[in-house]
Amino acid sequence: MNEVSAGAVVFCIENKEILVLALVQNNERGESWFDMPKGHVERGETILEAAQREIREEIGLQLHIDTNFEEENAYSLVDRDARHGRSIKINKRVVFFLAFMQSRDRKQIVLSPEHKRYYFMPIDEAVEKAKFENQRQLLKDAKAYITEKYLT
């Protein structure tokens, strides 16, 4: 089974420091991790439209998306098919953009029910805390791009 999702690294800049949005949710085992706004591309929707919708749904804001930064993460996972009672392999492709947020808008965030909280952290800290290598690389690439385009 193949799935395509879209999302964004949401960031703001404060005192020349790049801060990224971390969303916290629980998985089935009760473990917490941080993630970025993302979700499935719906029928008839472009990847960019899906990223914009997911940001609105997950944090309640319409943000500017920088489409000059686009990075794809691909991975596979095994999930339980509830209808057939068996495990299925899912090949997942997630396309990430960057979404710029003004610092003053941080207090306007309204989380979706799937998230229990959010916070902002320096991008270097996010790289260190990232659970997956592809997430770490995404954040490193985002930092390089943001530094060049937004901080110089």
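The values are calculated or read from the model by the stated rules, or taken from the named source; none is laboratory data. This structure is a prediction, so every number in the text was calculated from the model and none was measured. Heads up, the Cβs are rebuilt from the backbone with ideal geometry, glycines too, and the neighbour counts pull from every protein chain shown.
A quick yes/no check of all residues on (1) β-branched (Val, Ile, Thr); (2) under 16 Å from the mean Cα position of the chain (by Cα); (3) more than 17 Å from Ala142 (Cβ to Cβ):
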| site | (1), (2), (3) |
| --- | --- |
| Phe11 | no, yes, no |
| Lys16 | no, no, no |
| Trp33 | no, yes, yes |
| His40 | no, yes, yes |
| Arg43 | no, no, yes |
| Glu49 | no, yes, yes |
| Leu61 | no, yes, yes |
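Of the residues making up the stretch 72-100, those that are more than 19 Å from Glu42 (Cα to Cα) and in contact (Cβ under 8 Å) with a residue 60 or more places away in the chain are Ile88, Lys89, Leu98, Ala99, Phe100. Would you mind stating whether Arg136 is free of Cβ contacts under 8 Å to residues at least 24 places away in the same chain and either part of a helix (DSSP H, G or I) or among the β-branched types (Val, Ile, Thr) (or both)? Spelling it out, Arg136 is indeed free of Cβ contacts under 8 Å to residues at least 24 places away in the same chain and either part of a helix (DSSP H, G or I) or among the β-branched types (Val, Ile, Thr) (or both). Take Leu98 and decide whether it is under 14 Å from the mean Cα position of the chain (by Cα), farther than 14 Å from Ala51 by Cα and among the hydrophobic types (A, V, I, L, M, F, W, C). Here the answer is no, as Leu98 does not meet what is asked. Residues in the stretch 128-152 that are within 14 Å of the chain's Cα centre (by Cα) and either among the aromatic types (Phe, Trp, Tyr) or crowded, with 18+ Cβ neighbours inside 10 Å (or both): Ala130, Phe132, Gln135, Leu138, Leu139, Ala142. In the set (1) modelled with pLDDT under 95; (2) farther than 18 Å from Leu23 by Cβ; (3) within 17 Å of the chain's Cα centre (by Cα), the condition left unmet by Ile90 is number (3).
Of a type in the set (Gly, Ala, Ser) and within 28 Å of Lys16 (Cβ to Cβ): is that true of Ala74 in this structure? Spelling it out, it is not the case that Ala74 is of a type in the set (Gly, Ala, Ser) and within 28 Å of Lys16 (Cβ to Cβ). Would the stretch 101-122 turn up any residue that is assigned to a strand (DSSP E or B), among the β-branched types (Val, Ile, Thr) and in contact (Cβ under 8 Å) with a residue 40 or more places away in the chain? No; the residues of the stretch 101-122 include none that is assigned to a strand (DSSP E or B), among the β-branched types (Val, Ile, Thr) and in contact (Cβ under 8 Å) with a residue 40 or more places away in the chain.
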